[in-house]
């Protein structure tokens with residue numbers, strides 16, 4: 001595939017489109033089974049440039065038309081999945097027409113492997129119909145009118161169907177040929193009638209895609225292939241597509257709330273239950289921190305009991321939220337895909353911290369959310385791979401994550417929070433309620449103090465009081481409690497990093513006027529204004545500790 005890719009690219013670099021097309025035309029491609037020629041072509045479809053994708057689909061279309069043998073369904077599925085796994089296809093791309101020939105090769109959309117792709121394809125068609133390109137819109141409409149009876153056998157979101165129906169009607173209103181309009185209208189009506197009334201029962205939809213993908217890109221195939229890097233990359237992209245599709249499917253079946261699909265790659269020997277529990281805990285915490293930073297959101301309900309997909313490192317979760325809350329949270333979560341441009345740095349900080357915790361356990365995690373709205377019914381999955389590793393060979397041990405740096409400056413309130421954790425250990429909602437009753441405490445302040453008690457080791461990831469928290473609560477004098485917290489600070493990530501950074505041996509030797517410089521060096525992900533604000537919190541803490549240390 002590398003040689004094909006290189007040759008095609010050389011032709012395109014010299015503006016020889018015909019040469020690139022001829023090179024692909026002469027390439028042998030088996031459509032009766034998945035072999036190396038199919039795997040190489042799938043990599044072109046999934047990872048080539050827009051122009052390579054366009055030419056490849058054109059060549060593939062001709063090969064499909066001229067094929068005089070049965071085209072294997074798995075081959076069609078792989079090609080479709082490779083294209084749909086891309087996120088760079090523009091609304092006016094000719095690819096939107098070329099892919100229709102591929103979708104028309106699907107003999108039975110009811111099959112679980114093809115039904116799984118329908119949420120992604122519906123989202124794709126929705127853009128094709130509304131993108132402003134008349135030819136693309138009409139060709140998409142023609143597919144739905146011609147092949148809609150078959151396509152309707154797969155589960156569709158009613159919300160998406162409503163949008164697609166509106167767009168198709170707008171296109172039909174502009175058709176001048178009355179015979180063509182009547183033909184399209186008849187076919188479209190059949191599609192919508194059947195799709196809107198479909199009840200899909202095949203539970204293999206949850207595992208079919210993952211099982212097929214693992215079979216196609218088996219360890220043996222990857223190990224013995226000279227294209228391992230390309231194969232691994234396209235496999236990873238399609239797994240992300242599957243994760244997004246599973247979240248959407250759950251929403252189609254459930255109808256309400258926020259659906260979450262999570263896929264884990266575990267590089268250790270732990271069992272799925274312990275790994276899954278750890279991942280769910282971290283994601284639940286991430287979601288709550290995102291909610292705390294989102295206007296209109298309150299304390300989130302816990303995830304419903306996770307459903308593990310047999311034979312897969314994939315779990316499906318549900319959060320019982322109303323439509324408005326689901327949209328707000330889905331919007332905030334999906335904004336993490338554009339990290340670096342986010343309006344609220346605290347949300348990005350929470351995601352980076354979550355990624356760091358996954359990496360401590362050698363986990364690669366993909367997850368996607370879906371809500372029963374047109375905008376968030378199908379969205380791109382997030383991955384820990386989206387966050388680059390940060391390495392500093394000069395000072396490899398003096399690094400802290402943004403969530404290690406406190407934002408709650410009042411230590412007396414930290415102590416009060418810890419007291420509430422002990423007093424209401426069986427009801428975290430009561431802890432929240434009581435703390436928010438304190439004068440001047442907002443929902444955002446609550447999240448700051450919740451994180452502060454975790455930084456100081458007073459609460460675990462499940463927001464339960466630790467043994468250290470109970471020890472603190474048994475102390476009677478505020479001076480003793482502050483002194484106790486000073487030792488906790490020294491052993492915390494941020495405290496020990498500060499001591500090492502200044503090359504001192506004791507908290508009393510820390511120079512608080514260097515707090516800004518410390519954070520610039522040890523936590524470069526923070527913006528200047530955030531550094532100054534958090535440096536103020538660190539200064540307040542250390543000054544208080546020094547009074548009683």
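Each value in this text was obtained by applying a stated rule to the coordinates, not by laboratory testing. Values in this document were obtained by computation on a predicted structure and should not be read as measured data. Glycine also receives a Cβ, built like all others from the backbone with ideal geometry; neighbour counts cover every protein chain displayed.
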Would you mind calculating the gained length between residue 521 and residue 198 on full extension (0.36 nm times residue separation, minus the Cα-Cα distance), in nm to one decimal?
110.5 nm
For the chain, longest principal axis from Cα atoms; helix 73-84 axis from its Cα atoms; angle between them, nearest 10 degrees, is 50
Here D for the range 256-386, in µm²/s, from Stokes-Einstein with a Kirkwood Rh over Cα pairs at 20 °C and 1.002 mPa s, works out to 144
In the range 487-502, whose amide N lies under 11 Å from the spot 7 Å out along Cα-to-Cβ of residue 514? List them in ranges.
498-502
Expected unfolding gain across residue 477-residue 423 under the 0.36 nm per residue rule, minus the alpha-carbon gap, is 17.7 nm
Can you put 386, 292 in order, fewest other beta carbons within 10 Å first?
386, 292
Go ahead and run the numbers for FRET between residue 430 and residue 305, Cβ-Cβ distance against an R0 of 30 Å, rounding to 0.05.
0.80
Directionally averaged shadow of the range 2-206, computed from the convex hull of its alpha-carbon atoms, nm²:
12.1
With a point put 7 Å past each Cα toward its Cβ, work out how far residue 25 is from residue 211 in nm, to one decimal.
4.2
Difference of contour (0.36 nm per residue) and Cα-Cα distance, residue 295 to residue 273:
4.5 nm
When Cα extents along the principal axes in Å is calculated directly from the model, which label among (i) 112, 56, 47; (ii) 86, 49, 42; (iii) 108, 93, 52 fits?
(ii)
Give me the one-decimal nm value for the distance between modelled label points at residue 176 and residue 338, 7 Å along each residue's Cα-to-Cβ direction.
3.9
Determine which residues of the range 288-329 fall in the zone a paramagnetic label at residue 444 would reach in this model, i.e. backbone nitrogen under 13 Å from the point 7 Å along Cα→Cβ.
292-296
With the crude spin-label approximation of a point 7 Å out along Cα→Cβ, what separation in nm comes out for residue 547 versus residue 253?
5.7
For the range 476-543 versus the range 247-261, the gap between their alpha-carbon centres in whole angstrom:
43
Size descriptor, Kirkwood hydrodynamic radius, that averages inverse alpha-carbon separations across the range 357-448, Å
17.4
Summarise the long-distance tail of P(r) for the range 402-548 by giving the % of C-alpha pairs beyond 21 Å.
42
By the gyration tensor of its Cα atoms, with a ≥ b ≥ c the square roots of the eigenvalues, what is the shape of the range 186-324: rounded for a/c under 1.5, prolate for a/b over b/c, or oblate?
oblate
Which of 234, 347, 316 comes first, and how do the rest follow, when ranked by fewest Cβ neighbours within 10 Å?
316, 347, 234
Residue order, fewest to most surrounding Cβ atoms within 10 angstrom, among 515, 49, 278
49, 278, 515
